[in-house]
Amino acid sequence: MATGTRTVNGAEFPVAGTWVLDPDHTGVEFQARHLMVAKVKGRFAKPQGRLVIADDPSQSSAEVHIDASTIATGVAVFGRGVSE
């Protein structure tokens, strides 16, 4: 894994390389509207994936995998259709 940062066109980026996500320190969160009235917030536990930082930052990519059964919204009915 690469370490450090670099400046490209005045913006700071990680050095080029592949960065593996640490599932214990990474979160995937979302917010959705229910019936256009209420906002439902939730998260998925322990996502896995990697970031590939290219020499040209605009060519970088991310790949993230989530386990739908780990959805947590705090409201059981909202997670039912996703986790089943």
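The values are calculated or read from the model by the stated rules, or taken from the named source; none is laboratory data. Since this is a predicted model, take the numbers as computed values, not measurements. Ideal geometry is used to build each Cβ from the backbone, glycine not excepted, and the neighbour counts take in all protein chains shown.
Just to be sure before I move on: is LYS46 within 25 Å of GLY74 (Cα to Cα), basic (Lys, Arg) and in contact with a Pro (Cβ under 6 Å, 6 or more places away or on another chain) in the structure I sent?
Details: within 25 Å of GLY74 (Cα to Cα): yes; basic (Lys, Arg): yes; in contact with a Pro (Cβ under 6 Å, 6 or more places away or on another chain): yes.
So LYS46 fits the description; yes.
In contact (Cβ under 8 Å) with a residue 12 or more places away in the chain and either loosely packed, with under 13 Cβ neighbours inside 10 Å or assigned to a loop (DSSP other than H, G, I, E, B) (or both): is that true of GLU12 in this structure?
Here the answer is no, as GLU12 does not meet what is asked.
Give the residue that is modelled with the lowest pLDDT, with candidates limited to residues of the stretch 17-30 that are assigned to a strand (DSSP E or B) and exposed (fewer than 13 other Cβ atoms within 10 Å of the Cβ). Break it down into steps so the answer makes sense when it comes.
Residues of the stretch 17-30 that are assigned to a strand (DSSP E or B), as a first pass: 17-20, 28-30.
Cutting the leftovers down to exposed (fewer than 13 other Cβ atoms within 10 Å of the Cβ) gives us 18, 20, 29-30.
Working: THR18: 94, VAL20: 94, GLU29: 93, PHE30: 90.
Here the residue is PHE30.
Would you pick out the residues in the stretch 31-84 that are part of a loop (DSSP other than H, G, I, E, B), among the charged types (D, E, K, R) and either at pLDDT 90 or above or touching an Asp or Glu at 6+ places or on another chain (Cβ under 7 Å) (or both)?
LYS46, ASP55, ASP56, ASP67
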